[in-house]
Amino acid sequence: MKVFLRKRAVPAIGPRLNQWKGARASQVSDQRQQARREKLVSRGRRALRVGQWIVGLAALAWGLTIITREMGPVLQGWLEIREVEVEGIHHVTKPEVLQRLVLNPGMGLHQVSTAFLAERVRTHAWIKEAKVERRPPHLLHVTVLERTPAAIIRIGADHWLSDEGGYLLAKLGRQDDQTLPLLTGLDRQAIQRGEARVRNAVQSGVVLAKLMAITFDGRVEIDLANPSNVVASANGVRFQFGDDSLVDQWERFRKVKPSFKTASSDGRKREVSEIDLRYDNRVIVRERV
């Protein structure tokens, strides 16, 4: 009986690997281990510093909380608002400003919002701008800029005082102020709602009244009922304006005014009763017979 034997594999013959490690290889290994240890130590120190910061901040927050709770009454008394100073008022009274500030007794300066208080003060019809400042330990300073009366607006039988921007300042009832121009023809509800188109009309009327007052004596009255045909009068002379800018139309009149004849062919002086500026290429002048 034949016996089959498996032949052992013969390893390939090649260059022999040198398994011996000299002093240089050992030194490199030690350096690597040292670098790993230093890296771990660095990470540990960094984590420790972060932990110290967290603990410190927590302790600071806890300390501030305790101090605030304990010193709250003292701080409240030290910063309590005891005086309010108002600067820039002429038509507005100090009690009216205080009424809009709504300051509770014992309130501290640190408890109020200056922007919010300034917005409250600006709700007064006469006040255009307002600024509120804290002045420790006990003073709240308010500076206001009032609106300037520029015209009288007649609505029905009542007269309203208005600034040049069309803001109603006060109701005068049936009283009037002859020193200010009179504006008529405006819708009651539109002017009280403060619609932009009405305020623009008032602004244009005030500018026109100022220009007319330079040339004519007496009070200027302007009817703004029809924007396409604004009618103004001053010193007995009636003016009609068209769709163009009122300022431009008045400038056209100012240029031709020196050429107006003040006397007729018979030598009699005639007065101008009406001037029509609604046309671009001419100015129509009507004389009083």
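The values are calculated or read from the model by the stated rules, or taken from the named source; none is laboratory data. Please read all numbers here as calculations on a predicted model, not as lab measurements. So basically every Cβ, Gly included, is an ideal-geometry build from the backbone, and we count neighbours across all protein chains shown. SASA here: full protein model, heavy atoms, side chains in, ligands and nucleic acids out. Shrake-Rupley method; radii C 1.70, N 1.55, O 1.52, S 1.80 Å.
Assigning unit charges at the beta carbon (Lys, Arg +1; Asp, Glu -1) and nothing else, what dipole magnitude in debye, to the nearest 20, does the range 140-239 show about its Cα centre?
180
In sequence order, what are the phi-derived ³J(HN,Hα) couplings for the range 215-223 according to the Karplus relation 6.51 cos²θ - 1.76 cosθ + 1.60 with θ = phi - 60°, rounded to whole Hz, with x for glycine and proline?
Listing the rounded values in order: 9, 10, 7, x, 7, 9, 10, 10, 9 Hz.
From the square roots a ≥ b ≥ c of the eigenvalues of the alpha-carbon gyration tensor of the range 150-222, which class results: rounded (a/c under 1.5), prolate (a/b over b/c), or oblate?
Since a/c reaches 1.5 but b/c is at least a/b, the shape of the range 150-222 is classed as oblate.
Near the amide H of residue 172, under 5 Å away, which other amide H atoms are found, from residues 5 or more places off or on another chain, if H is placed in the peptide plane?
159, 160, 161
Quick one: in the range 107-202, what % of C-alpha pairs are over 17 Å apart?
Across the range 107-202, Cα pairs with separations above 17 Å total 57 percent.
With θ taken as phi - 60° and the coefficients 6.51, -1.76 and 1.60, list the Karplus ³J(HN,Hα) couplings across the range 199-206 in order, rounded to whole Hz; mark glycine and proline as x.
5, 5, 5, 5, 4, 5, x, 5
Carbon and sulfur: what percent of the range 66-222's accessible surface (1.4 Å probe)?
Carbon and sulfur: 52 percent of the exposed surface of the range 66-222.
Taking the solvent-accessible surface of protein heavy atoms with a 1.4 Å probe, what is the per residue accessible area of the range 166-289 in Å²?
Accessible area per residue, the range 166-289: 61 Å².
With only Lys, Arg, Asp and Glu charged, each at its Cβ (+1 for the first two, -1 for the last two), find how big the charge dipole of the range 151-208 is about the Cα centre; round to the nearest 20 debye.
180
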